[in-house]
Amino acid sequence: MKADCYELLGVARGCDDKTLKAAFRKLAMQYHPDRNPGDKEAEKRFKEIGEAYDLLKDPQKRAAYDRYGHAAFEAQSRSGAASGGFGGGFSDIFEDIFGEMMGGGRYSRSDGRERGADLSYNMQITLEEAYSGKRAQIRVPAAVSCSDCGGSGSDKGTEPVLCKTCHGTGRIRASQGFFSIERTCSTCNGSGRLIEHPCVRCRGHGRIQEERTISVDIPTGIEDGTRIRLSNKGEAGLRGGPSGDLYVFLSIRSHEFFQRDGANLCCQVPISMITAALGGQLEVSALDGSKIRVRVPEGTENGKQFRLKGKGMPILHQQIKGDLYIQVAVETPQKLTKRQRELLQEFSEISNHENSPRSHGFLARMKEFFEGMSNN
């Protein structure tokens, strides 16, 4: 029994499209194969949530699913699944209500054309490529339409003939009492046509396996886990049917210096204790390659952030950018010489609570707190 699509995505049945999309993106990032290498369970989960989202994002498919559940999409392959009404099976009800919603129904079977399967491709890019955008070339193995027969499956100069068993409908109907049972025609396998003279190249399938080079446009500001749909770039349809779609799932490699938070970037920069105490300047590089001078004021504490407006990531489909946050990490001196130790010891002797107000104040308050407890 298939899992409930809403439960797979963790959303309520009446949720809006925005909530549905947000739930899918969160789960897609969690179970993405690149983040779970070798994890078969994660790979299975990733596929299930993708299929669930593909179904629910389409208003017509979602309406069918809400009314009939998974049975709405299994009806066409059942042999003898009656609806319980008189004179017709469940597939008749489904087709009468939704017509060619799933790519044809009874009308598509009359000429045997079937839509090709959708394909997925996992693509990894750098943060710089997500910042600037790019046009990438990917190679995708897929079933493509046979050029010799034009996808028909028949040899040159010939055409498929009408199936005499089902008279081109692809279905055989038989009455059993009050019920009308419909099943796929076994002679033509539901295509409604028979190939008497198969194409030599594709052996009557109408398709051949081939590796194609496809261009993918990566827009600026693209986020990790984004799915790009390339219409009609999936597998070729059967017997000249329409091609499926290609879904490119993007993941962004971790950067050596920058961490991304939405449209903002964060970079941790170590500074010496001297620079933190006396002040100074830092020169940092932004993701666009520009150099930026950051003034470090006297008495800067560890973890202090400096905001560089407009130096973050571009926002997808907008002309604005996020911000870059430089966070300083004050470094404690290491491997001191004798003279350096003497100078630090001298500084310690002449320093007072005004030089380190937080530490002195904290210790004083702690002492007072515990003395009060002992007196009680």
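The values are calculated or read from the model by the stated rules, or taken from the named source; none is laboratory data. Since this is a predicted model, take the numbers as computed values, not measurements. Here the Cβ positions follow ideal geometry from the backbone for every residue, glycine too, while neighbour counts run over all protein chains shown. Keep in mind that these areas ignore ligands, DNA and RNA; they rest on the heavy atoms of the full protein, side chains included. Shrake-Rupley method; radii C 1.70, N 1.55, O 1.52, S 1.80 Å.
Observations on the structure shown:
- Residue among ILE222, ILE271 that is in contact with a helix residue (DSSP H, G or I) (Cβ under 7 Å, 6 or more places away or on another chain), of a type in the set (A, V, I, L, M, F, W, C) and open to solvent by less than 30 Å² (accessible area, probe 1.4 Å): ILE222
- Some residue of the range 330-348 being touching a residue at least 60 places away in the same chain (Cβ under 8 Å) and open to solvent by 80 Å² or more (accessible area, probe 1.4 Å): yes
- Among helices (runs of 4 or more DSSP H) entirely within the range 10-109, having at least 1 residues that are at pLDDT below 70 and open to solvent by less than 60 Å² (accessible area, probe 1.4 Å) singles out 71-74, 90-98, 106-109.
- Annotation for the range 254-264: at least one member residue is touching a Lys or Arg at 6+ places or on another chain (Cβ under 8 Å), of a type outside the set (Lys, Arg) and surrounded by 13 or more Cβ atoms within 10 Å (Cβ to Cβ).
- Criterion: open to solvent by less than 30 Å² (accessible area, probe 1.4 Å) and touching a Ser or Thr at 6+ places or on another chain (Cβ under 9 Å) - qualifying residue of GLY170, GLY240: GLY170
- Residue list for the range 174-189, restricted to those being open to solvent by 60 Å² or more (accessible area, probe 1.4 Å), at pLDDT below 75 and among the hydroxyl-bearing types (Ser, Thr, Tyr): SER175
- Hits in the range 291-326 - residues which are surrounded by fewer than 10 Cβ atoms within 10 Å (Cβ to Cβ) and of a type in the set (S, T, N, Q): GLN319
- The range 142-218 holds strands (runs of 3 or more DSSP E) entirely within its bounds, and those carrying 1 or more residues that are in contact with a Phe, Trp or Tyr (Cβ under 9 Å, 6 or more places away or on another chain) map to 179-184, 207-218.
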